[in-house]
Each structure stands twice: as structure tokens, then as C-alpha cells.
1. Could you give the C-alpha radius of gyration of the chain expressed as a fraction of 2.2 N^0.38 Å, taking N as the number of residues it contains?
2. Along region 18-32, what does the Karplus equation 6.51 cos²θ - 1.76 cosθ + 1.60 (θ = phi - 60°) give for ³J(HN,Hα), rounded to whole Hz, x for Gly and Pro?
3. Give the long-range amide H neighbours of Arg16: residues separated by 5 or more places, or on another chain, with amide H under 5 Å away, using H modelled in the peptide plane at 1.01 Å from N.
4. Helix 33-44 sits at what angle to the longest principal axis of the chain, using alpha carbons and giving 0 to 90 degrees rounded to 10?
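Every number here is computed from the coordinates shown, using simple stated rules; none is lab data. Bear in mind that the values here come from a model prediction, so they are computed numbers and not experimental data.
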Amino acid sequence: MARPETFLIDGNGIIRYRHAGDLNPRVWEEEIKPLWEKYSKEAAQ
């Protein structure tokens, strides 16, 4: 059985984060959201 994967890709197409497994609120808040905010700010500059 395959496991789901989630990728965070920046505006240049570079994979900045890969999560294997279920995406749940803890993973979002602790792992992905901080990176999302970081790379969103960098892209806006």
C-alpha cells in the first residue's frame, strides 16, 4: 500500500520539504506552516 506524500515547492520549482505519510494538523502547524511562511516571505521580496 502506498503512503501519501506532500511536497512544498518554492517559486523556482525547488522542493523545499517532503513529508511522507498522512498530513494532519500537527504536521501542518509544526513542520509545514513555518516553512510555508518563510518561503512566502522570501518570494515576496
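1. 1.24
2. Listing the rounded values in order: 9, 10, 9, x, 5, 9, 10, x, 5, 4, 4, 5, 8, 10, 7 Hz.
3. Amide H neighbours of Arg16: Leu8, Ile9, Asp10.
4. The angle comes out at about 30 degrees.
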